1. Tyr81 accessible area, nearest 10 Å², 1.4 Å probe?
2. Indicate the gyration tensor shape class of the range 43-113 (rounded, prolate or oblate), computed on the Cα atoms with a ≥ b ≥ c the square roots of the eigenvalues: a/c under 1.5 is rounded; otherwise a/b larger than b/c is prolate and the rest oblate.
3. To the nearest 10 square angstrom, how much accessible area does His5 have with a 1.4 angstrom probe?
4. Using Cα springs under 10 Å in a Gaussian network model of the chain, which residue among Gln153, Gln49, Gln141 shows the largest mean-square fluctuation?
5. Rounded if a/c is under 1.5, else prolate if a/b is larger than b/c, else oblate: which is the range 66-106, with a ≥ b ≥ c the root eigenvalues of its Cα gyration tensor?
6. Of the residues Leu64, Leu159, Leu45, which exhibits the maximal mean-square fluctuation in a Gaussian network model of the chain defined by a 10 Å Cα contact cut-off?
7. Which option, (i) 16.5, 54; (ii) 24.8, 85; (iii) 17.4, 60, is the value of Rg and Dmax of the Cα atoms in Å that was calculated from these coordinates?
8. At a 1.4 Å probe radius, carbon and sulfur cover how many percent of the accessible area of the range 16-117?
Amino acid sequence: MSLSHCNHCQHTVKGNCRTCPMCGGSMKQAIDNESRHCPRCKESLSVHQFNGYQLDRCNSCQGLWLEPDEFKVLTSEFDVYRDDNSDPNFQRKPLPKAEGYLPCACCNKVMTRQNFKAISGVLIDLCINCGIWLDHGELEQIRSFVASGGLDQAQDRKLATQASAIEKLDDRLSDVELMEKMLNKYSIKRIFFRGF
């Protein structure tokens, strides 16, 4: 049975919870750090220093395991722009060929795969409870994407998609209003008793 700990009130819950039942704060699953294994090579992960964070890295394939909080900070504009080593010349690579889904380095459940911010071309493997697996070089690619203004581009694309959806909804609403007017004008009772 896994345990979850509240980041705010330190309450412990048996099982996987995302929200604390006591204070409503976010909860973190308690994971045994020594049990982490590379999803690709099945080897134990060792500690690797990166920008003041201790990340878990596979010595064979050089892949990195990041907890959600670490990933959020290391891919934030604030952290990337402060780093002199961030490369703003991002070159999007083609998406890799399809492959099987990887098991989580902590809980061994199958992770989901997603394109970071939908436009970066960097596929990350994500366990919703435990963290993110990045293959060799993907953290640097993501940071380069962020340094090149990629988060703004992703936000602009999301806004354009939402604007298009609103326009389609507006068109459908206009059609419904027209249909309602037609039905009111030519009501069934009127047609039945008087004809057109």
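1. Counting only protein heavy atoms, Tyr81 exposes about 120 Å² to solvent.
2. Oblate shape, in that a/c is at least 1.5 and b/c is the bigger or equal ratio.
3. Surface open to solvent at His5 totals about 70 Å².
4. Fluctuation is largest for Gln49.
5. Values: a/c = 3.98, a/b = 1.33, b/c = 3.00.
Cα axes put the range 66-106 in the oblate bin.
6. Answer for the Gaussian network model of the chain: Leu159.
7. Correct label, based on the coordinates given: (ii).
8. 48 percent
The values are calculated or read from the model by the stated rules, or taken from the named source; none is laboratory data. The structure presented is a predicted model; accordingly, all values stated were derived computationally and were not measured. Note that we place each Cβ from the backbone using ideal geometry, even for glycine, and neighbour counts take in every protein chain shown. SASA here: full protein model, heavy atoms, side chains in, ligands and nucleic acids out. Shrake-Rupley method; radii C 1.70, N 1.55, O 1.52, S 1.80 Å.
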